[in-house]
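Notes follow the structure.
Each reported figure results from applying straightforward, stated rules to the coordinates on display, with no laboratory input. Remember, predicted model here, so these are calculated numbers, not experimental data. Neighbour counts are summed over all protein chains in view; Cβ atoms, including those assigned to glycine, are modelled from backbone coordinates with ideal geometry.
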Amino acid sequence: MKKYTYTDKIDTRSGFGAGLHQLGKTNPNVVALVADLTGSLKMDAFKKDFPERFFQSGIAEANMMGMAAGMTIGGKIPFAGTFAAFATGRVYDQVRQSIAYSSKNVKICASHAGITLGEDGATHQIIEDIGLMKMLPGMVVISPCDYNQTKAATLAIADYEGPVYLRFGRPAVPNFTTPDEKFEIGKAQLLNEGSDLTIIATGHLVWEAIQAGEALEKEGINAEIINIHTIKPLDKEAILASAKKTRCVITAEEHQKAGGLGESIASLLAQELPTPMEMIAINDEWGQSGTPSELMEKYNLNATSIIDAAKRMFAKKS
């Protein structure tokens with residue numbers, strides 16, 4: 001098992017803020033819009049240094065999406081930021097009609113995704129957003145795993161022509177990827193080669209998958225671990241190659257089972273390579289108020305759940 005370590009924990013939204021600020025220096029067409037959440041999305045540095053390219057829409061997310069769509073007509077690259085619950089569920093009509101339908105070059109930047117938003121509770125803990133956004137034709141959906149990868153993804157989507165949904169979070173998480181690692185949209189990241197089973201994770205669950213892999217190795221189970229930071233377009237080649245080798249797959253995500261990464265992979269395997277699999281995800285429930293760690297444990301979104309699923313899968317395989 002390849003060893004991964006980290007020197008600090010930092011929230012992925014700060015990676016977005018750092019990437020956006022860097023884009024402000026290097027790409028004059030990048031503009032930023034926010035719905036009254038400048039500090040929460042770490043957009044303060046961009047606002048300070050590039051005030052002429054910063055637009056505060058107030059608590060009017062639907063209007064912000066319309067503004068962003070219009071700005072693309074003049075060649076601008078709008079990064080529209082708000083909480084994930086407001087960037088998807090609240091404004092789905094505007095995203096669908098004004099952005100996705102005409103393939104506008106808007107980057108929808110969604111912070112505080114999933115249940116790790118924490119104490120704000122179910123109304124703010126959107127756990128259906130991946131499903132909502134991946135169903136829109138032409139919409140790219142990205143869920144990076146740590147600060148460095150979120151910053152790299154922010155830089156990468158500026159060069160991509162078309163609508164993008166970039167999902168990131170509030171809590172501090174291990175920052176274990178390297179700062180100079182290239183981010184390639186639609187390309188899976190192989191974290192560990194293995195032969196006994198495949199663990200495919202996205203977002204905050206990637207670090208949990210790594211911890212699970214280390215524990216499983218001590219019990220003689222060699223797990224292949226893949227980070228799917230781009231949920232759409234899905235790296236079908238990497239997934240099928242791994243499933244063909246290990247013959248069993250576990251997916252892990254901070255999202256509902258319905259509509260998430262696991263569902264996309266299950267569909268792929270059903271059509272191309274029928275393979276036993278389990279999904280670590282939220283099972284048709286709403287979120288609740290609590291600390292991020294409490295909620296991850298309550299909904300079984302952790303290394304322990306991945307380990308248990310792996311043992312079940314490996315026992316059946318044997």
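Here are a few things to note about the model shown:
- On Cα atoms only, tilt of 61-73 relative to the major axis of the chain in degrees: 80 degrees
- Of every Cα-Cα pair in the stretch 182-292, the percent that sits beyond 23 Å: 24 percent
- Normalised by residue count, the stretch 1-91 yields a Cα convex hull volume of 142 Å³ per residue.
- Between 0 and 90°, nearest 10: helix 303-317 axis offset from the chain longest Cα axis: 40 degrees
- In loop segments of the stretch 72-108 as defined by DSSP, the chymotrypsin sites (Phe, Trp or Tyr not before Pro) with at most 14 further C-beta atoms inside 10 Å of their C-beta are 101.
- The stretch 94-134 residues near the modelled residue 258 label - backbone nitrogen below 15 Å, point 7 Å along Cα→Cβ: 127-133
- Degrees separating the helix 205-218 axis from the principal Cα axis of the chain, which is the longest one: 20 degrees
- Computed from the C-beta positions of residue 185 and residue 315 and an R0 of 45 Å, the FRET efficiency is 0.75 to the nearest 0.05.
- Per-residue ³J(HN,Hα) for the stretch 19-35, Karplus 6.51 cos²θ - 1.76 cosθ + 1.60, θ = phi - 60°, Hz, x for Gly and Pro: x, 4, 4, 5, 5, x, 7, 10, 10, x, 7, 6, 10, 10, 10, 8, 9
- Total charge dipole magnitude, the chain, about the Cα centre, Cβ charges on Lys, Arg, Asp, Glu only, Debye to nearest 20: 560 debye
- Comparing 93, 159, 36 in a Gaussian network model of the chain where C-alpha atoms under 10 Å apart are linked, the largest mean-square fluctuation is found at 159.
- The stretch 189-317: antiparallel DSSP beta bridges as a percent of all, rounded to 5: 20 percent
- What you get for the stretch 189-317, charging only the Cβ of Lys and Arg (+1) and of Asp and Glu (-1), is a dipole of about 420 debye around the Cα centre.
- Above-threshold pairs, the threshold being 29 Å between Cα atoms, out of 2/25; 2/232; 182/316; 47/104; 151/244; 9/104: 2/25; 182/316; 151/244; 9/104
- With the charge dipole of the chain set up from +1 on Lys and Arg Cβ and -1 on Asp and Glu Cβ about the Cα centre, the Cα lying farthest toward the positive end among the listed residues 143, 315, 94 is that of 94.
- Binned Cα-Cα distances of the stretch 9-174, short to long, each 10 Å bin given as a whole percent: 12, 46, 37, 6, 0
- Point-to-point label distance, residue 102-residue 195, nm (Cα→Cβ direction, 7 Å offset): 5.6 nm
- Where labels lie 7 Å past Cα in the beta-carbon direction, separation of residue 59 and residue 8 in nm: 3.3 nm
- The stretch 21-179, dipole about Cα centre (Lys/Arg Cβ +1, Asp/Glu Cβ -1), debye to the nearest 20: 300 debye
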